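Novice: Just passing along the structure, written as structure tokens.
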Amino acid sequence: MKLRNLFCLLSLVGFILSGFICPAQAEDQFEKEIEKEKEAVKLVQEVQRGGYGIVTASELKNWMDTQKEMLLIDTMPYEESYKKAHLPGAKQFLFPIPDMKEWNTAETNGKTEEEYRKLLGPDQNKLIVIYCGFVKCTRSHNGAWWAKKLGYQNVYRYPGGIFAWKGAKYPVEEVK
């Protein structure tokens, strides 16, 4: 008799954990999937508009581990973000979140298009990787789009940004 009760209890727990007893939990998963889809489609559309490539955290870490020559650019604000944590070796250059179709020094902390070109350097075929905070952040889109607009050919956006980098437990640097 006790074995049968234990079996019933375990079955009930199994049903609860699988979502059959709580349809609201299952529906919540479906609603979350809609949000993921919106973010994924938005990212793809930005990449298509920008004409640059994308790279994942693990791919970028592999490039760094194999000492692939590249320029890393962090597009987050200096004081609030870059100073506290950035990818090893990254240079900082602020870009805004909304699309910046025309250069706007008010949105780039007073820096000019020429200053960005100087940071990117004369080699328009060098590997350039641009990132910001997280997938929804579009500062990196603006930075990558402008690099492409200025004629650079080998431009990648790392959409996961510093949040995904930290989530993967990869090392960061800070300004002291």
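Bear in mind that the values in this text are calculations on the coordinates, not laboratory data. No experiment lies behind these values; they were computed from the predicted model shown. Reconstructed Cβ throughout: ideal geometry from the backbone, glycine too, with neighbour counts over all protein chains shown.
Novice: What spacing in nm lies between the two simple spin-label points modelled at Thr112 and Glu69, each 7 Å away from Cα in the Cβ direction?
Specialist: Between Thr112 and Glu69, the simple spin-label model gives 2.8 nm.
Novice: Hey, another quick one. Output the relative contact order of segment 97-176, whole-number percent, from Cα pairs under 8 angstrom with separation of 6+ residues.
Specialist: Values: 88 pairs, mean separation 24.0, N = 80.
Rounded, it is 30 percent for segment 97-176.
Novice: Also, I was wondering about something else. What are the ³J(HN,Hα) values, in whole Hz, obtained from phi via the Karplus relation 6.51 cos²θ - 1.76 cosθ + 1.60 with θ = phi - 60°, for each residue of segment 130-136 in sequence order, with x given for Gly and Pro?
Specialist: 10, 9, 9, x, 6, 4, 5
Novice: Sum up the charges of everything whose Cβ sits under 11 Å from the Cβ of Lys111, counting Lys and Arg as +1 and Asp and Glu as -1, but leave Lys111 out.
Specialist: Numbers: positive: Arg117, Lys118; negative: Glu107, Glu113, Glu114, Glu115.
Neighbourhood net charge equals -2.
Novice: Further question: Which value does Rg/Rh take for segment 54-167 over its C-alpha atoms, Rh per Kirkwood? Let's see the in-between values first.
Specialist: Values: Rg = 12.9 Å, Rh = 13.9 Å.
Looking at segment 54-167, the ratio lands at 0.93.
Novice: How about segment 25-113: which trypsin sites (Lys or Arg not before Pro) there lie in a loop by DSSP and see at most 12 other Cβ atoms within 10 Å? If you can, show how the numbers build up before the last one.
Specialist: Values: sites: Lys32, Lys36, Lys38, Lys42, Arg49, Lys61, Lys68, Lys83, Lys84, Lys91, Lys101, Lys111; in loops: Lys68, Lys83, Lys84, Lys101, Lys111.
Passing both the DSSP loop test and the Cβ count: Lys68, Lys101.
Novice: Same structure again: For Gly53, what residues show an amide H to amide H distance below 5 Å, using hydrogens built from the backbone and excluding near sequence neighbours?
Specialist: Val155, Tyr156, Arg157
Novice: Take Ser81, Ser140 and order them by how many other Cβ atoms sit within 10 Å, fewest up front.
Specialist: Values: Ser81 19, Ser140 30.
Ordered from fewest to most neighbouring Cβ atoms within 10 Å, Ser81, Ser140 come out as Ser81, Ser140.
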